[in-house]
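Have a look at the structure below before the remarks.
The values are calculated or read from the model by the stated rules, or taken from the named source; none is laboratory data. Quick caveat: nothing in here was measured; it's all calculated off a predicted structure. So basically every Cβ, Gly included, is an ideal-geometry build from the backbone, and we count neighbours across all protein chains shown.
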Amino acid sequence: MFQMILKLDVLVWLLSYLVGSISFAILVSKSRGLDDPRFHGSKNPGATNVMRTGDLPAAFLTLFGDASKGFLVIFSVKYFLVEDLLASEAEFLIAGSMLAVLLGHIFPIFFKFKGGKGVATSGGILIGLDGFLGISVLCVWIFVYCLTNISFIAALSSALATVFLSAIIIPISWTENYEVLIFATWVISLILFVSHHSNIQAFFKK
């Protein structure tokens, strides 16, 4: 029984990674006849870099797509697998899927492992996990961005807020093994800081 559950866990995590590997920045740019975002600006295939092309609809589609894949993976695992098949292993399966879809976005197998920084996908993941948590973190991002007008500072502020908010909100929604989910959100926050290391270095060199 344990081996069957483990095999199913690994399969779900692999599928989560593959979904995360879909780069909407590249696909949307190609469909709208834009230059490859990996060769312009920050060379990052994300919504912010697509927005630098001046094509706002493309940037919105990229943002929506990247957030949606994070949300849909966690929502699907949470409501279509966990409740019927793996109730006793729910938190472990969800936590693994959270990390897998984010790593797929940052290191996409379909695009030579060169992906985005994971902000939108992380937001979708958090909303899929807990709507109140996700919306709370989004509010932090919006507030900081309105103050600074710098997207990476807003991203890192929301990542830091996630560390504290997840420790407060997740235990209210989950009665068992919620520590695993809190730990997964902390790892996601750490990944966001690491993925923005070049922005941090450039900021302090000014």
With criteria (1) crowded, with 18+ Cβ neighbours inside 10 Å; (2) over 23 Å from G20 (Cβ atoms), Q201 comes up short on (1)
Mind checking whether some residue in the range 106-120 is of a type in the set (K, R) and in contact with a Pro (Cβ under 9 Å, 6 or more places away or on another chain)? yes
For the range 184-198, give me each residue that is polar (S, T, N, Q), surrounded by 14 or more Cβ atoms within 10 Å (Cβ to Cβ) and modelled with pLDDT under 95. S195
